[in-house]
Every structure is written in structure tokens, then in C-alpha cells.
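A quick write-up on the structure given underneath.
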Amino acid sequence: MKFDANMSICFICEQSISEDEKPVGARGRQTLLTVSVTRGHSDHEKLLLSDETVRVNRKCQRSYADERTAAVAAKRKASSEQRYLHVRNKLI
């Protein structure tokens, strides 16, 4: 799904954002960008780099930016890529 800062959908959970949610500040935006890189979410990176204002659910922001969950997600992604390469090399 292509995300737009003007949409009232959280780019993390893809659910609607409550009306009282404020835009993410500069520091929060930088944290989300760093975590997006760690997690390998290039679509989130592009959104955070291109749009001036981004809104997300605060609960999602806290969960997504948590270092432990980001590390687990990165490890899981690396593991699945490693399995793919292993299977691919066996087929060649």
C-alpha cells in the first residue's frame, strides 16, 4: 500500500488514526527513520524522508521504535533471506 501523510491511516499498523493524534515531531521522525532502516522497511524510509508531516498512532510508534522488537525483526528478516539463498544455491 502506498502511504501518504495526508491519509488518516497509520503507516505502521495500516489502521485509522484517531483524530487527536498529533504529527510526529522531528526527534520521533528520526527515531522512526532509524528503526525503518534497521527493520529493512524501505517503503517506510521513503515516506519518512519525503513527507513533511507524518501521523501515526502513538501506541504503534512506541512499539515500532522499541529496540528489542526492531532487533528481532531485523534478525528474522536476515534469517529468512539466508534460508532463501541456501535453497536457491541448492537448486543451481
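Yes or no: Ser63 touching a helix residue (DSSP H, G or I) at 6+ places or on another chain (Cβ under 7 Å) and either of a type in the set (Ser, Thr, Tyr) or at pLDDT below 75 (or both)?
yes
Going residue by residue through the range 53-71, is there one that turns out to be hydrophobic (A, V, I, L, M, F, W, C), over 19 Å from Ile9 (Cβ atoms) and out of contact with any Asp or Glu (no Cβ under 6 Å at 6 or more places or on another chain)?
Taking every residue of the range 53-71 in turn, at least one turns out to be hydrophobic (A, V, I, L, M, F, W, C), over 19 Å from Ile9 (Cβ atoms) and out of contact with any Asp or Glu (no Cβ under 6 Å at 6 or more places or on another chain).
Among the residues of the range 24-64, write down those that are acidic (Asp, Glu) and either within 13 Å of the chain's Cα centre (by Cα) or within 25 Å of Lys75 (Cα to Cα) (or both).
Matches in the range 24-64: Asp43, Glu45.
List pairs: first in the range 46-73 and surrounded by 12 or more Cβ atoms within 10 Å (Cβ to Cβ), second of a type in the set (Val, Ile, Thr) and assigned to a helix (DSSP H, G or I), Cβ under 8 Å, 6+ apart or cross-chain?
Between residues of the range 46-73 that are surrounded by 12 or more Cβ atoms within 10 Å (Cβ to Cβ) and residues that are of a type in the set (Val, Ile, Thr) and assigned to a helix (DSSP H, G or I), the close pairs are Ser63/Thr69; Tyr64/Val35; Ala65/Thr31; Ala65/Val35; Ala70/Val35; Ala70/Thr38; Ala71/Thr38; Ala73/Thr38.
The values are calculated or read from the model by the stated rules, or taken from the named source; none is laboratory data. Fair warning: this is a prediction, and the values are worked out from it, not measured in the lab. Quick reminder, even Gly has a Cβ in these numbers, built from the backbone with ideal geometry, and neighbours come from all protein chains shown.
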